[in-house]
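> Take a look at this one; I'll ask things after.
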Amino acid sequence: MRITEKELYMLTALNVAKRSTCARLKVGAVLIKDKRIVSHGYNGTPQHREHCEDFWKNYWISNIYLNNILYKNDVPLSIQILPSPEKYDAMYNEWLKSKQFYDLHGEYSRCNEIHAEMNCIMFAERKHLDEAILFTSLSPCIQCGMALVSARITGVYYNKLYERDQTGIQYLKDNKIFCEQYNIT
């Protein structure tokens with residue numbers, strides 16, 4: 001069965017999200033003008049900066065994992081049996097779900113990451129922004145909402161709701177920009 005154009009664009013945004021280097025959320029966006037994809041973007045750190053995934057893996061090793069081994073056990077490190085790689089990865093992945101990581105990442109992200117919508121706008125030619133439609137895997141935050149209004153985007157479809165901030169949706173609607181959830185997953 002042939003998919004609709006909306007499905008094509010949202011599936012593309014979801015696939016673009018797989019390029020993200022963010023440890024917490026992988027977000028992708030595509031900009032559509034005249035039924036053509038004219039730009040795409042995903043969230044991550046600026047070029048030539050340490051990727052979010054790498055930063056948090058190093059943070060966890062230095063500040064969480066090693067501290068637990070060095071200071072919480074009475075057995076000297078040299079004779080401890082360290083966990084298998086699988087157990088080690090499971091411990092790290094469990095920490096990524098923690099409230100501690102959620103809070104730390106929120107601060108880190110504000111100072112170090114560029115959102116998918118912003119990257120999509122920055123890499124589009126100006127002529128492609130006017131009256132374009134954005135498809136994104138996550139609803140825009142307020143900062144992205146402001147950038148989309150300034151770029152003169154006329155509509156936004158998002159797959160999932162961003163749990164930290166829904167004010168971007170209202171901001172877009174207040175500025176007469178069509179904004180609707182289009183969940184295909």
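> Please go through the stretch 10-28 and give me each residue that is open to solvent by less than 40 Å² (accessible area, probe 1.4 Å) and within 10 Å of the chain's Cα centre (by Cα), ordered by number.
Within the stretch 10-28, Ala17, Ser20, Thr21, Cys22, Ala23, Val27, Gly28 meet the criteria.
> I've got another one for you. Could you check, for the stretch 127-139, whether at least one of its residues is at positive phi, out of contact with any Leu (no Cβ under 9 Å at 6 or more places or on another chain) and at pLDDT below 95?
yes
> Here is a list: Tyr92, Tyr162, Tyr108, Tyr157. Which entry is in contact with a helix residue (DSSP H, G or I) (Cβ under 9 Å, 6 or more places away or on another chain), in a loop (DSSP other than H, G, I, E, B) and open to solvent by less than 70 Å² (accessible area, probe 1.4 Å)?
Tyr162
> If you scan the stretch 170-184, which residues turn out to be within 19 Å of Leu14 (Cα to Cα) and of a type in the set (Val, Ile, Thr)? Outline the logic, then answer.
Going through the stretch 170-184, the residues within 19 Å of Leu14 (Cα to Cα) turn out to be 179-184.
If the condition is that a residue be within 19 Å of Leu14 (Cα to Cα) and of a type in the set (Val, Ile, Thr), then Ile184 is the only one that fits.
> Okay, next question. Could you tell me how many of the residues in the stretch 147-185 are at pLDDT below 95 and aromatic (Phe, Trp, Tyr)?
Looking only at that region, the number is 1.
> Can you tell me which residue in the stretch 129-147 is most open to solvent (accessible area, probe 1.4 Å), limited to those that are among the aliphatic types (A, V, I, L, M) and touching a Phe, Trp or Tyr at 6+ places or on another chain (Cβ under 9 Å)?
Only one residue tops the list, namely Met146.
> If you don't mind, there's one more thing I want to ask. Exactly one of these conditions fails for Gln47: (1) touching a residue at least 60 places away in the same chain (Cβ under 8 Å); (2) surrounded by fewer than 20 Cβ atoms within 10 Å (Cβ to Cβ); (3) closer than 30 Å to Asp103 by Cβ. Give me its number.
For Gln47, the exception is condition (1).
> Moving on. Of the numbered conditions (1) under 23 Å from Leu8 (Cα atoms); (2) polar (S, T, N, Q); (3) without any contact (Cβ under 8 Å) to a residue 40 or more places away in the chain, Gln143 fails exactly one; give the number of that condition.
Single failed check for Gln143: (1).
> Given the conditions (1) within 15 Å of Ile133 (Cα to Cα); (2) part of a loop (DSSP other than H, G, I, E, B), which single one is not true for Val30?
Just one mismatch for Val30, condition (2).
> Residues to consider are Ile61, Ile81, Ile37; find the one that is over 19 Å from the mean Cα position of the chain (by Cα), modelled with pLDDT under 80 and of a type in the set (Val, Ile, Thr).
Ile81
The values are calculated or read from the model by the stated rules, or taken from the named source; none is laboratory data. Please read all numbers here as calculations on a predicted model, not as lab measurements. Reconstructed Cβ throughout: ideal geometry from the backbone, glycine too, with neighbour counts over all protein chains shown. Ligands, DNA and RNA are stripped out before the accessible areas are found, and what is left, the full protein with its side chains, is counted by its heavy atoms. Shrake-Rupley method; radii C 1.70, N 1.55, O 1.52, S 1.80 Å.
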